[in-house]
Structure formats: C-alpha cells, structure tokens
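Structure first, commentary second.
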Ligand SMILES: [Zn+2]
C-alpha cells in the first residue's frame with residue numbers, strides 16, 4: 001500500500017542523514033530526496049528510492065544546490081531567565097579588578113539572575129524566553145533542552161518548568177525539561193539546608209508532577225561536591241528523572257565518576273576531565289557535551305579539547321548553553337566555534353549538533369537524523385556543501401525549517 005506523502009524535498013546537493021552508524025559521521029547522500037507523511041519521514045535516499053512514494057498532491061520543495069540536514073538538537077540551555085548580565089560580560093572582557101567591579105555596582109554570577117527571574121510573572125518570563133526560542137527555531141533548532149535553576153526556591157523553579165511546557169505548547173519546537181535545582185544555593189540559606197530542601201521537597205514535587213525528564217547539578221569547586229551531586233541525582237532518579245551533570249567546567253572534582261556510575265544521559269563542560277574519567281563516561285555510554293559558546297563567552301583559560309574525548313570513544317554533543325553568561329541561540333554559530341576554536345571537523349560538529357544531541361536527551365529514537373519512521377524535523381541550508389556551515393559565518397545559513405512535517409520558518413522568519 002502506498003503511504004500518504006504530503007511533502008517531498010527533492011534534489012538536495014547534499015542530504016545529511018546523520019544516521020548514528022554513518023562511517024562519515026553525517027550519512028551524506030549526494031542528490032538526496034526525502035518524502036514526508038503524517039509528520040514522519042517516509043522515504044530517504046536518491047530520486048530512484050523516493051520517487052515511487054510521491055503522490056500528485058504532495059508539496060515539493062526543490063533543494064537543488066543546497067544542503068538538507070536534520071533539525072538541530074540543542075541539548076544544553078538555560079534559556080528561561082529574567083534580566084541581563086551584560087555588565088558582567090564586559091567586566092570580564094575588560095578584566096576589571098574586583099574593587100572597580102564593586103565601585104561600578106556590577107553583580108557577578110548566576111545568583112544575580114535569581115532576582116529578575118523571581119520577580120518576572122509567568123507571562124513575562126514566557127515572552128522573554130519565547131523570543132530566544134524563536135531565534136533558535138529560525139536558526140534550525142527543532143528540539144531544545146531547557147533547565148530550571150534561576151529560582152532556587154519552590155515557586156520560581158516551578159515557574160521555570162511551567163514556562164518550558166508553555167514554550168512547547170505555543171511554539172513549533174520540542175522541549176526537554178530539566179530540573180536544575182542544584183545550580184547553586186541562595187545567599188540566605190546554608191548549602192546543607194538547601195540540599196535537604198531539594199531532597200525532601202523539590203525533587204519529589206517535580207517528580208510527582210512529571211515536570212521534568214532530567215535532573216541536573218553543578219559539580220565543581222565552589223559549587224556542589226561529587227558526593228553531594230551523587231545524592232541529588234540519585235534522588236532525581238528515584239523520582240523518575242534521568243541524571244545529567246555539569247562537571248569539569250572550572251576544576252575536576254570527580255563529577256565524571258558520578259555521571260558514569262549513574263549512567264547519566266550526558267556530562268557537560270568537560271574542560272578539566274582527565275582521560276581516565278573520559279573513558280569511564282564512554283564506557284557508561286554517557287554523552288559528553290562540551291560547550292564552545294561558554295568557553296568563548298568567558299574567554300576560558302582552558303578551552304575544552306575534543307581530541308582525547310574522541311580517542312577515548314566518547315560520543316560528543318555540542319549545544320548553545322544559552323544563558324545570561326552566554327547569550328547565544330544559534331547552533332550554526334556553535335558549530336563555527338567548535339570547528340575554529342576547538343579543532344573539530346565539520347562532520348564531527350554537525351553530528352554533535354544533531355544525532356549526538358538527540359542521544360544526550362535520550363531521544364535518538366525520534367529525532368536527530370533523517371531516517372524512515374523518525375519525526376520529520378528537517379532544515380535546509382542556503383549553502384552548497386556541509387563544510388560551509390563552519391566557513392560562511394555571521395549570516396544565518398538556514399533558509400527553511402520543517403517541524404513534524406510542517407514548514408515553520410523561512411529565511412530567518414517564523415512562518416506559523
Ligand atoms: Zn549549563
């Protein structure tokens with residue numbers, strides 16, 4: 001029986017399927033065709049393979065001379081926040097001494113985002129976050145992860161998770177929600193008391209309400225210890241949330257061991273992780289998610305090095321880490337940084353932004369590649385070859401975005 005096909009993309013100069021087992025990392029098909037029906041991918045290949053599926057009523061998009069790729073999966077963001085930290089950004093750029101920062105009244109660090117995020121009502125927080133998500137969609141992102149962690153109190157953490165739900169309901173994007181109560185602890189509370197509050201109140205509440213898929217924590221000097229993160233993430237697991245972990249960003253204190261022991265979906269940052277820890281993550285099939293955007297934004301003294309990660313067999317995802325300290329919504333820009341600043345090949349970076357991102361969100365069965373049966377989340381780049389995405393920078397290369405089989409953005413404008 002002929003399957004109903006609503007949409008066909010024909011004659012892409014390069015079709016990047018990004019199938020997980022592709023020897024070239026991106027599953028490149030020259031002169032590629034894709035057929036879509038019922039929001040899913042029905043056929044993929046050359047004209048010969050796909051043409052028999054096409055009906056007269058199907059909409060045809062001609063991708064001659066262009067690149068077709070899966071929608072990006074941005075697997076690490078803190079996109080729901082209030083306010084700005086532009087003062088902090090320039091204090092770091094200008095390397096201002098502490099007394100000058102104090103004199104100018106510039107506040108530093110994630111706790112300074114607490115106040116505006118707590119003060120925003122739900123709709124204000126939603127609309128500021130939605131404008132960032134709209135920028136993501138027109139830049140090719142069709143699935144995004146979004147963390148709480150700028151409230152560190154019951155009301156605001158729940159408000160952030162509620163905004164995640166609204167974003168998915170109102171915009172053409174899939175949102176994976178992460179509870180990051182262990183992003184820090186408020187100035188007015190002792191760390192141990194705050195951990196008790198997470199374990200006894202917040203984690204059961206978020207779990208019972210099925211408000212988040214993942215539970216995350218920040219394992220670093222001056223933040224939470226490896227032991228504390230283990231306890232928090234285990235409680236999250238018991239409440240039905242799979243672990244993720246920020247670790248090794250500014251020091252190494254054993255976070256990878258915790259992430260590997262608990263089979264975390266991803267371990268993120270990884271600037272300081274020793275090889276032995278990278279190996280443990282790889283054996284546990286935890287995805288490594290280094291973050292080119294934050295290394296760029298803070299002028300990191302030790303930018304992550306993908307080479308030992310790849311040599312140890314770690315699957316690498318890259319993500320925007322969109323947050324007040326790294327105001328980036330563009331996965332194409334993250335690919336530029338991953339290649340130019342960290343020595344990734346374009347194929348490695350594209351894989352990291354698609355199928356590996358899907359693995360970091362345990363959604364590789366549905367998104368991240370162009371394969372029969374998967375969601376029809378597809379983008380077209382106004383580029384002749386895939387390498388150009390890391391080479392033609394500072395203009396949005398994404399000319400068309402398709403979410404669940406429907407065109408949702410054209411030429412940097414939402415079309416919904
Ligand atoms: Zn983060």
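Let's see how each residue does on (1) under 28 Å from residue 367 (Cβ atoms); (2) surrounded by 23 or more Cβ atoms within 10 Å (Cβ to Cβ):
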residue	(1), (2)
30	yes, no
45	yes, no
54	yes, no
63	yes, yes
109	no, no
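So which residues in the stretch 168-212 are within 14 Å of residue 243 (Cα to Cα) and surrounded by fewer than 22 Cβ atoms within 10 Å (Cβ to Cβ)? Hit for the stretch 168-212 is 207, nothing else. For residue 80, the test of being within 29 Å of residue 185 (Cα to Cα), in contact with a strand residue (DSSP E or B) (Cβ under 9 Å, 6 or more places away or on another chain) and not assigned by TED's automatic domain parsing to the domain that holds residue 404 is passed. Scanning the stretch 157-177 for residues that are in a helix (DSSP H, G or I) and either at pLDDT below 95 or under 12 Å from residue 211 (Cβ atoms) (or both) yields 157, 158, 159, 160, 161, 162, 163, 164, 165. Would you mind stating whether residue 7 is more than 30 Å from residue 159 (Cβ to Cβ) and touching a strand residue (DSSP E or B) at 6+ places or on another chain (Cβ under 8 Å)? So residue 7 fits the description; yes. Checking each residue in the stretch 199-228 for being farther than 20 Å from residue 163 by Cα, touching a strand residue (DSSP E or B) at 6+ places or on another chain (Cβ under 6 Å) and part of a helix (DSSP H, G or I) picks out only 226. Taking the listed residues 20, 88, 14, the one that is in a strand (DSSP E or B) and either outside the structural domain of residue 399 (by TED's automatic domain parsing) or touching a helix residue (DSSP H, G or I) at 6+ places or on another chain (Cβ under 9 Å) (or both) is 14, with no other qualifying.
Quick one: is residue 125 within 16 Å of the ligand (Cβ to nearest atom) and surrounded by 15 or more Cβ atoms within 10 Å (Cβ to Cβ)? The answer is no for residue 125.
Of the strands (runs of 3 or more DSSP E) lying entirely inside the stretch 331-416, the ones with 3 or more residues being surrounded by fewer than 23 Cβ atoms within 10 Å (Cβ to Cβ) and out of contact with any helix residue (DSSP H, G or I) (no Cβ under 6 Å at 6 or more places or on another chain) are found at 406-410. If the condition is being more than 16 Å from the ligand (Cβ to nearest atom) and more than 13 Å from the chain's Cα centre (by Cα), then the stretch 71-87 contributes 82, 83, 84, 86, 87.
Might you check whether a residue that is out of contact with any strand residue (DSSP E or B) (no Cβ under 9 Å at 6 or more places or on another chain) and either away from the ligand (no atom under 16 Å from the Cβ) or part of a loop (DSSP other than H, G, I, E, B) (or both) occurs anywhere in the stretch 178-186? Yes, that holds for at least one residue.
Within this structure, residue 93 fails the test of being more than 16 Å from the ligand (Cβ to nearest atom), more than 30 Å from residue 371 (Cα to Cα) and surrounded by 13 or more Cβ atoms within 10 Å (Cβ to Cβ). Only residues that are modelled with pLDDT of 95 or more and not in a helix (DSSP H, G or I) were counted across the stretch 98-124, and they come to 2. Checked against (1) in contact with a strand residue (DSSP E or B) (Cβ under 9 Å, 6 or more places away or on another chain); (2) outside any helix (DSSP H, G or I); (3) more than 30 Å from residue 415 (Cβ to Cβ), residue 189 meets all criteria but (1).
The values are calculated or read from the model by the stated rules, or taken from the named source; none is laboratory data. Predicted model, so just to flag it, every value in this text is computed and none were measured. Every residue, glycine among them, receives a Cβ derived from its backbone with ideal geometry; neighbour counts consider all protein chains shown.
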